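Trainee: Sharing a structure with you now.
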Ligand code: HEM
């Protein structure tokens, strides 16, 4: 357990007394609290960032490799890239839930934050959008070198939409972490 450090900022009543108040861009009234942050919390947050990096790496690989007609060798790489994407999504989800229910802020902090709800909704939409491409990539996992493998071109469109939506999520997460999204 680290010594007391200046913890992140949130206007939740009933926790550590605020040391001083900050107004960020004149929009989000924030208070700096002193709070014990354990190494476990640090590792959970690290896992969340790692998952985030894996998501973008997997999706970027898919976008770079994807063509409606590819050689079997590329189809197998697409299956691998999608496995990375899927594993990263699980890591982000598990560490996200840990941050939510066992992190350095109480779950009630997030429950009343509408930006957090938008963030979760975007994540769920992307998760649903990725099911059909995943089934197609899984099918290419056993493709043979030198034999052409085909994918519906709509898969490429879905990948681009997923990327656009995913790019929003770190912005929303960072806003929540900095105290945006509370009404009143
Ligand atoms: C079900 C999925 C997810 C859950 C439950 C979740 C939950 C959380 C929680 C509780 C926080 C802490 C915010 C705070 O300290 O105020 C957080 C921060 C964050 N999350 Fe997520 N998250 C999820 C998915 C994602 C995804 C998919 C991404 C990126 C693609 C992401 C990116 C971030 C970022 C950038 C932060 C801000 C970290 C910081 O500035 O301290 N999250 N998330």
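What follows draws every value from the coordinates through simple rules; no lab data is involved. As the structure is a computational prediction, the values presented were derived from the model and not from experiment. Glycine also receives a Cβ, built like all others from the backbone with ideal geometry; neighbour counts cover every protein chain displayed.
Trainee: Taking only C-alpha pairs under 8 Å that are 6+ residues apart, what is the relative contact order of the range 42-161 in percent?
Mentor: Worked out over the range 42-161, it gives 42 percent.
Trainee: Taking the alpha-carbon set of the range 68-121, what are its Rg and Dmax in Å?
Mentor: In Å, with Rg to one decimal and Dmax whole: 17.2, 50.
Trainee: Tell me, in nm to one decimal, what length is gained between residue 107 and residue 57 on full extension, where the rule is 0.36 nm per residue of separation less the Cα-Cα distance?
Mentor: 15.1 nm
Trainee: I've got another one for you. Once the piece of chain linking residue 147 and residue 117 is laid out straight, how much longer is it, given 0.36 nm per residue of separation minus the C-alpha distance between them?
Mentor: Contour length minus the Cα-Cα distance gives 6.3 nm.
Trainee: Give me the number: length gained by fully extending residue 39 to residue 124, i.e. 0.36 nm times residue separation minus the C-alpha to C-alpha distance, one decimal in nm.
Mentor: 27.7 nm
Trainee: Kindly provide the Kirkwood hydrodynamic radius of the range 76-184 in Å, to one decimal, from all pairs of distinct alpha carbon atoms.
Mentor: So the Kirkwood estimate lands at 15.8 Å.
Trainee: Still on this structure: For the residues 109, 46, what sequence is obtained by ranking on other C-beta atoms within 10 Å, fewest first?
Mentor: Exposure proxy ranking, most exposed first: 46, 109.
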